[in-house]
Amino acid sequence: SLFASLTCLLLALTWGQQVGFADWRILVLLAGFLAGLIWFIWIELRTSHPMIELGMFRNRAFSISLLTGLATFMGIAGSVLLMPFYLENVLGYAPQQVGMMMSVTPLVLVIAAPVSGWLSDRMGTRPITLVGLLVLLVGYASLATLELDTNIPGYLVRFLPVGLGMGIFQSPNNSTIMGAARRERLGVVSGMLALNRAIGQTTGVALLGALWASRVGYYAGELPAGGATEAEPLAQVAGMQDAFGGIVILIALALALSIWGLVKSQTEAVNAKK
């Protein structure tokens, strides 16, 4: 049931970019996703040995960490999708140069992640994840200011916070999720982390790619026959700015959700002492 549900979702997100998300076939697939998900939940609630203990989602920290992680994966997948079009089609860099420029994010992430994990072990996971989300928010907001004439230093300054924010956020967020599980459920929760990442990336590519293409069509008057990549550079940049604006809203919601969860936890802790 879970396989059927996720297959319908991933096919809808993939084919929807080609035929439009209002197409009846996409709507049928989305309905199949919801039906399969409800079926899966119904089974899990009635079996003595569920694959996923739905009771884990009563843990606020666990649920919030999964949702905020999903938002960050959507954002990073969307940015990785859009950047090559901008760097090659608009700024005119060669593929080799684009690869080198985009390697900044994983390099910074590799450096920041272990430091973030070390700090979260000493300061707690919640404050570090909040810092990571805030840095991500700044990074995506700065990417929304990319222009037709942005140079390499300007690009790097804007993109560095994205890698830094992901590096700061992921380690403590994963630690929170794994820490919420009982020892015998660690394997299942690890699998849920991988599934969360895959769904976030697929959803991010589909939705943000569709948003970018639709906004490019809006600024260009209509999409060229060859698609958004054939539009005038000015329209491509304007559409990309709107797409990054969408990521900013997504990360801002994730940040607000994390702050709410932290405030609720602190309030409950104070009340428990009383």
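Approximating the spin labels as points 7 Å out from Cα along Cα→Cβ, the residue 184-to-residue 122 distance works out to 3.8 nm.
Counting protein heavy atoms only, the chain has 68 percent of its accessible area on carbon and sulfur, 1.4 angstrom probe. Stretching residue 218 away from residue 14 to a fully extended chain increases their span by 71.2 nm, per 0.36 nm per residue minus the current alpha-carbon distance.
The alpha carbons of segment 41-96 stretch over 59, 22, 17 Å along the principal axes, in descending order. Dividing the summed helix terms, -39500 (n - 2.57) for each DSSP H run of n ≥ 4, by the number of residues in the chain produces a 222 nm estimate of -28000 deg cm²/dmol to the nearest 500. Rolling a 1.4 Å probe over the heavy atoms of the protein chains gives the chain an accessible area of 51 Å² per residue. Across every pair of non-identical alpha carbons in segment 1-151, the mean reciprocal distance, once inverted, gives a Kirkwood radius of 19.2 Å.
Can you give the angle from 0 to 90° between the axis of helix 60-84 and the longest principal axis of the chain, with both taken from C-alpha atoms, to the nearest 10? Orientation of helix 60-84: about 20 degrees from the principal axis. Spin-label model, residue 145 to residue 111: label points 7 Å out along the Cα-to-beta-carbon direction sit 2.2 nm apart. The share of Cα pairs per 5 Å bin across the chain, counted from zero up to the longest distance, runs 1, 6, 11, 14, 16, 15, 13, 11, 7, 4, 2, 1, 0, 0 percent.
Using only Cα atoms and rounding to the nearest 10 degrees, what angle (0 to 90) does helix 125-143 make with the longest principal axis of the chain? It is inclined by approximately 10 degrees. A simple spin-label model places the labels of residue 59 and residue 198 2.2 nm from each other, with each point 7 Å out along Cα-to-Cβ.
Angle of helix 152-179 to the longest C-alpha principal axis of the chain, folded into 0 to 90 degrees and rounded to 10: 20°. For segment 119-274, the ratio of Cα radius of gyration to the globular rule of thumb 2.2 N^0.38 Å stands at 1.29.
The values are calculated or read from the model by the stated rules, or taken from the named source; none is laboratory data. Nothing here was measured: the structure is a model prediction, and the numbers come from that model. With ideal geometry, Cβ positions are generated from the backbone for all residues, glycine too; neighbour counts draw on all protein chains shown. Side chains included, ligands, DNA and RNA excluded: accessible areas come from the protein's heavy atoms. Shrake-Rupley method; radii C 1.70, N 1.55, O 1.52, S 1.80 Å.
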